[in-house]
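What follows is one structure encoded as structure tokens, with my remarks underneath.
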Amino acid sequence: MLAAVKLWLLLSAWLVGAGWILSVLHQLNWIGYGLLLVVTAAIFSGCRQRPPWRPRIEPAQLLNQFRRRFTRPAPLIFLILAAAAFAGGALYPTVNGDSNSYRIPRVLHWLGAGHWHWIHTGDLRMNIAGCNFEWLCAPIILLMRTGHGMFLANWVSYLLLPGLIFSVFTRLGVQPRVAWWWMWLLASGWCYAFQAATDINDSFAVIYALAAVDFALRARASGRVSEWWFSLLGAALLTGTKQTCLPLAALWGIAVWPGLGPMWRRPWRTLAVVLAALLVSGLPLMLFNWSHTGNWMGLPSPGAGVQGWGWSNTSPASPFWGVVGNMFCLTAQNLKPPFFPMADAWNNAMQQFVATPIGSHFASFESFATLDNSTRESNAGIGLGICLITLVSLAWALKFRKPQSNAAAGGDAWTTRALRLAPWGLLVLFMAKVGTYQNARQLAPYYVFLFPSLLILSGHARVVRQVAWQWLAYAVMLGTLILLFLSRGHPLFPAQTLFGNLAKRYPDSTSLAHLAVSYSTQSIVQTQLNCLQDDLPPGEKIIGYYSTYNCVAEPGLWQPLGVRRILRVLPGDSPEQVRREALHYIVVDEQALLHSEQSIQEWLHAYDAEVVREKAFLIQWGKPLRHYYLVRLN
């Protein structure tokens, strides 16, 4: 496991660093990646030391260990979960709105220009959001000519999750038997298992956080400077994933502080690692955000003159009410059953509550306490099953507890206690600052660090030996596996065919009709992505896309990759500004027209254009059709 984690940290650092270096050279393409790979290989070939990722045992021994480990039920269920996640990611392209509206398009813009740049867009997230996940996926998009394979970054991280959980937990005082069971249980949490099959970039950051703490504790115990280096790389990569992950760097600071001595043994190599860590951290993007918006997070202040939408109402108006509101929101999202037919009634009640004097304190939240009618990768927290078995385990452990507590492992007791308690302080900080919709999934990197303080009770060692508890653990893991098979975004059975035919055969069945609608997500999104792809003029190298926030059709307009570039046109852009870009054709999204309060006829008159093709498509069942217009500038 340790060798695999080191290899993943090195690969991640190389891919992120390569993205920034090639951007500076304006060579973000296959030639640039190839030349940089040759240079890297030459450097490593000149190193005489044993590579840090090389296994210390023979392949036959590894195979035997694999067989012994995965014959027990808990590891076997995790292996099936990983296989199911890979199948779901490989079989289905992404249908996530965030990925199609900004995550994939921003990479396509960088590749089209040959370098990172500040994109002219109405969606702030395309510029200001942490981009380490996208740097990992840029070569995948170059290779596959699509964003279909972006899930691999999540999936590889998911494979490393149990081993890192065990290593960190045991170093924080959790008994090995207890840590062994919970490493499999936590890896079956909904936010981790569901996101392993998609390109949503919340859960994969937990690997960097765990690796940063684990290697810091190892360096403190062994005194090896190489482990300090890997710890620094993990912390740096963590800060470049998402702004909401930044507080977790405090855990690395607590873990690494007592073990800083070894880094001075090789000062020049340490300096090189520090510079590399700065390159792959969130620092480059923070500097660009400051340059373009005057704010390191990229959120412009009112009146700053920065055009863009997205990430509005992301912070509570008051830290106190943010903590209070998130205590309710996060609890509701994590205890919500996987299927919640009362979602509409619940959401209406929440809207009415926000309109009351008490509820007005939570009006700054983005859709306060809104719940979906099903659980999927875009809204899942740690999961109802994990929450229930945690409560059961705590109650049972208190019953079996012994007078003495576990001794702190892996170093001085003060640091270990601080690492167990600090995550709860970071949770309070998260709740005080984050007021977004679906924040339970954004908390994914934090969940695992909350458990060591709960699992150090001596009674847990007896709890995990109870047959009834073990069967409950298997049931929780199998429940996640069932939900993964039934996922509406990437079902592992012919859902559309099955429920579509049943709905036609039994037209009076409301349940079958709802199921058929629910599993139509794939076809709806694919129709939207492909709506005008065949109608784009083949000779045009640049096509405009008139859009605002959360417009998800752009990835389809870039296909086939390398043929054309897409430039975003915003409602505030004048006709003269558009013509200076040498645009002849523009795809107009009706959502942008609604935002600018224009009809298509008024837009055509303002820009002196005519409609070449019009397409209508379904974006959501029960909602009006949305139109796309391919227009030609006269």
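The values are calculated or read from the model by the stated rules, or taken from the named source; none is laboratory data. A quick note: this is a predicted structure, and the numbers were derived from the prediction, not measured. Cβ sites come from the backbone with ideal geometry, for glycine too, and all protein chains shown count toward neighbours.
Within the range 231-272, can you find the residues that are under 24 Å from residue 434 (Cα atoms) and of a type in the set (Phe, Trp, Tyr)?
252
Of all residues in the range 435-469, which are assigned to a helix (DSSP H, G or I) and hydroxyl-bearing (Ser, Thr, Tyr)?
446, 447, 453, listed by residue number.
Here are some residues: 443, 391. Which one is under 21 Å from the mean Cα position of the chain (by Cα) and at pLDDT 90 or above?
The match here is 443.
Scan the range 117-126 and give yes if some residue there is over 30 Å from residue 581 (Cβ atoms) and assigned to a helix (DSSP H, G or I), otherwise no.
no
Evaluate the following for residue 566: is it out of contact with any Gly (no Cβ under 6 Å at 6 or more places or on another chain), surrounded by 13 or more Cβ atoms within 10 Å (Cβ to Cβ), closer than 22 Å to residue 93 by Cα and not charged (D, E, K, R)?
For residue 566, the condition - out of contact with any Gly (no Cβ under 6 Å at 6 or more places or on another chain), surrounded by 13 or more Cβ atoms within 10 Å (Cβ to Cβ), closer than 22 Å to residue 93 by Cα and not charged (D, E, K, R) - is met.
What is the residue count in the range 481-510 for residues that are at pLDDT 80 or above, assigned to a helix (DSSP H, G or I), more than 22 Å from the chain's Cα centre (by Cα) and under 24 Å from residue 149 (Cβ atoms)?
The qualifying residues number 1.
Of the residues 169, 215, 194, only one is assigned to a helix (DSSP H, G or I) and over 30 Å from residue 333 (Cα atoms); which?
215
Just the residues that are modelled with pLDDT of 70 or more and not aliphatic (A, V, I, L, M), please, taken from the range 55-74.
61, 64, 65, 66, 67, 68, 69, 70, 71, 72, 73
For residue 472, indicate whether it is assigned to a loop (DSSP other than H, G, I, E, B) and either in contact with a helix residue (DSSP H, G or I) (Cβ under 9 Å, 6 or more places away or on another chain) or modelled with pLDDT of 90 or more (or both).
Here the answer is no, as residue 472 does not meet what is asked.
Any idea which residue in the range 395-417 is modelled with the lowest pLDDT, counting only those that are part of a helix (DSSP H, G or I) and crowded, with 18+ Cβ neighbours inside 10 Å?
The extreme case among them is 415.
In the range 601-634, what residues are β-branched (Val, Ile, Thr) and either outside any loop (DSSP other than H, G, I, E, B) or over 22 Å from residue 528 (Cβ atoms) (or both)?
If the condition is that a residue be β-branched (Val, Ile, Thr) and either outside any loop (DSSP other than H, G, I, E, B) or over 22 Å from residue 528 (Cβ atoms) (or both), then 611, 612, 631 are the ones that fit.
What are the pairs, 6+ residues apart or on separate chains, where a residue within the range 481-502 that is over 15 Å from residue 195 (Cα atoms) has its Cβ under 6 Å from a residue that is aliphatic (A, V, I, L, M) and at pLDDT below 85?
Close Cβ pairs (under 6 Å, with a partner that is aliphatic (A, V, I, L, M) and at pLDDT below 85) amount to 499/515; 499/516; 500/516; 502/512.
Across the range 358-380, what is the number of residues that are in a loop (DSSP other than H, G, I, E, B) and out of contact with any Cys (no Cβ under 6 Å at 6 or more places or on another chain)?
16
Output the residues belonging to the range 575-621 that are of a type in the set (A, V, I, L, M) and in contact with a helix residue (DSSP H, G or I) (Cβ under 8 Å, 6 or more places away or on another chain).
578, 586, 587, 588, 593, 600, 606, 609, 611, 612, 618, 619
Anything in the range 538-551 that is part of a loop (DSSP other than H, G, I, E, B) and either buried (at least 17 other Cβ atoms within 10 Å of the Cβ) or aromatic (Phe, Trp, Tyr) (or both)? List them, or say none.
547, 548, 549, 551, listed by residue number.
Taking the range 319-342 as the search range and keeping residues that are crowded, with 18+ Cβ neighbours inside 10 Å and touching a Lys or Arg at 6+ places or on another chain (Cβ under 9 Å), which one is farthest from residue 435 (Cα to Cα)?
If we take residues in the range 319-342 being crowded, with 18+ Cβ neighbours inside 10 Å and touching a Lys or Arg at 6+ places or on another chain (Cβ under 9 Å), then 333 is farthest from residue 435 (Cα to Cα).
Can you tell me how many residues within the range 552-580 are in contact with a strand residue (DSSP E or B) (Cβ under 8 Å, 6 or more places away or on another chain) and either in a strand (DSSP E or B) or more than 20 Å from residue 605 (Cβ to Cβ) (or both)?
Summing the residues that are in contact with a strand residue (DSSP E or B) (Cβ under 8 Å, 6 or more places away or on another chain) and either in a strand (DSSP E or B) or more than 20 Å from residue 605 (Cβ to Cβ) (or both) in the range 552-580 gives 10.
Exactly one condition in (1) at pLDDT 85 or above; (2) surrounded by 15 or more Cβ atoms within 10 Å (Cβ to Cβ); (3) not aromatic (Phe, Trp, Tyr); (4) not in a helix (DSSP H, G or I) is not met by residue 95; state its number.
Just one mismatch for residue 95, condition (1).
Within the bounds of the range 188-200, is there any residue that is over 14 Å from the mean Cα position of the chain (by Cα), touching a residue at least 40 places away in the same chain (Cβ under 8 Å) and buried (at least 24 other Cβ atoms within 10 Å of the Cβ)?
Yes, some residue in the range 188-200 is over 14 Å from the mean Cα position of the chain (by Cα), touching a residue at least 40 places away in the same chain (Cβ under 8 Å) and buried (at least 24 other Cβ atoms within 10 Å of the Cβ).
Out of 17, 34, which single residue is in a helix (DSSP H, G or I) and either in contact (Cβ under 8 Å) with a residue 24 or more places away in the chain or crowded, with 18+ Cβ neighbours inside 10 Å (or both)?
17
Could you please tell me which pairs satisfy a Cβ distance under 9 Å, a separation of 6+ or placement on different chains, a first residue in the range 427-448 that is closer than 24 Å to residue 163 by Cβ and in contact (Cβ under 8 Å) with a residue 24 or more places away in the chain, and a second residue that is of a type in the set (Asp, Glu) and surrounded by 22 or more Cβ atoms within 10 Å (Cβ to Cβ)?
Once the first residue is closer than 24 Å to residue 163 by Cβ and in contact (Cβ under 8 Å) with a residue 24 or more places away in the chain and sits in the range 427-448, its partners that are of a type in the set (Asp, Glu) and surrounded by 22 or more Cβ atoms within 10 Å (Cβ to Cβ) give 441/202; 441/377; 443/202; 444/202; 445/202.
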